[in-house]
Amino acid sequence: MKTLKYFLIGILFLSFSYTQAQVSVNVNIGTPPAWGPAGYSDVRYYYLPDLETYYDVSTSNYVYLNNGQWVRTRSLPSAYRNYDLYNEYKVVLTDYRGDRPYDNFKSHKVKYGKGYKGKPQKTIGQKPGKGNNKDKSHHDNGNHNGNGKGKGNGKH
């Protein structure tokens, strides 16, 4: 009877350990940038067709061809530093998890050529300087004419 009791305890322990292992397995993807497309929190790469560049969410690096070599850097090449990533279309690579997205570059370049636009995208965050009401140049005089419902006519 004692052996049966220990056997059952052992089985419970093993099943509990297995369940814990199942729960703790998690793919740790980095934080997507504010300009990233909303709704894709678990992907690793975006392909930026207009720039022929990849963005690695897990390392916050851009991956692009430089003099025939694929490089990883924290910033875009100087020619694209002022490029508006909020308006750039991002192809979300949902089916690739490896370390070399550029292995598929030839097909990405053909399938998503420069100027490619797929379904409309919303970004994760707002574009800096747009609609964030950070202008503190006017003073609040306490006169509020609205009803607090946020349905003004937008003319200021």
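The values are calculated or read from the model by the stated rules, or taken from the named source; none is laboratory data. Being a predicted model, the structure only gives us computed values, none of them experimental. Neighbour counts are summed over all protein chains in view; Cβ atoms, including those assigned to glycine, are modelled from backbone coordinates with ideal geometry. All accessible areas refer to the heavy atoms of the entire protein, side chains included, with ligands and DNA or RNA removed. Shrake-Rupley method; radii C 1.70, N 1.55, O 1.52, S 1.80 Å.
Details
- Taking the average, over residues, of other Cβ atoms within 10 Å as the packing measure, peptides 100-110, 46-56 rank 46-56, 100-110 from highest down.
- Protection proxy ranking of 92-99, 30-37 - average other beta-carbon atoms within 10 Å, highest first: 30-37, 92-99
- Lys119 paired with Arg74, simple spin-label distance in nm, labels 7 Å along Cα-to-beta-carbon: 3.5
- Net length gained if the chain between Ser107 and Thr59 were fully extended (0.36 nm per residue, minus Cα distance): 14.9 nm
- Semi-axes of the equivalent ellipsoid for segment 55-132, Cα gyration tensor, largest first, Å: 22, 17, 13
- Going by accessible surface with a 1.4 Å probe and the largest first, Ser78, Ser58 read Ser78, Ser58.
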